[in-house]
Amino acid sequence: MATSIPKVRVGVAVFILASKNEDRENPRFLVGRHKGSHGAGIMALPGGYLEFREETEECAARELLKETSLKVTNIRFLTAINDFIPKDTKHYITLFHVCVRENDSDEPQLLEPDKCES
């Protein structure tokens, strides 16, 4: 039987600035503590996996709405990393974006408590 070649997963992670007028020298942004899967127990940005034929900005907005109930605007690409994790036979490319809330007064909700502690 032939062994299957692991696939590269493309993820999108998003820095949501706390407000439209965030301090450029010391910005605040939303993070949560992972549960369960890859990265359990570490603080991480909201985000998820890119779907077929989806623009990365669409993925960012979709995942943020699904995970936090926040609608965002001004989504911009920031940087990317290429992570190979030999012990887990996993390979991730993560595309980082930055954005702001459509409404500064909207508060994030924890909509995936099985994946995130807070």
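Every read-out reported here was derived from the displayed coordinates using simple, explicitly stated rules and does not represent laboratory data. Source: prediction; values computed, not measured. Don't worry about glycine lacking a Cβ; one is built from the backbone with ideal geometry, like all the others, and counts go over all protein chains shown.
Kindly express, to the nearest 10 degrees and within the range 0 to 90, the angle between helix 56-68's C-alpha long axis and the longest C-alpha principal axis of the chain.
So the helix axis and the longest Cα principal axis differ by about 70 degrees.
Farthest toward the dipole's positive end in the chain, which of V14, N74, T89, given Cβ charges of +1 (Lys, Arg) and -1 (Asp, Glu) about the Cα centre?
It is T89, whose Cα lies furthest towards the positive end.
Based on the alpha-carbon set only, what is the convex hull volume of the range 54-93 divided per residue, in Å³?
Cα convex hull per residue, to the nearest whole number: 95 Å³.
Dipole size in debye (nearest 20) for the chain around its Cα centre, Lys and Arg Cβ +1, Asp and Glu Cβ -1?
So the dipole magnitude of the chain works out to roughly 400 debye.
Could you work out the local net charge near P6, counting Lys and Arg as +1, Asp and Glu as -1, over the other residues with Cβ closer than 15 Å to its Cβ?
Residues near P6 contribute +2 overall.
For the range 3-48, what does the alpha-carbon gyration tensor say about shape, rounded, prolate or oblate, given a ≥ b ≥ c as the root eigenvalues, a/c under 1.5 as rounded, and a/b over b/c as prolate?
prolate
Under the Kirkwood approximation applied to all pairs of distinct alpha-carbon atoms, what is the hydrodynamic radius of the chain in Å?
Result for the chain stands at 15.2 Å.
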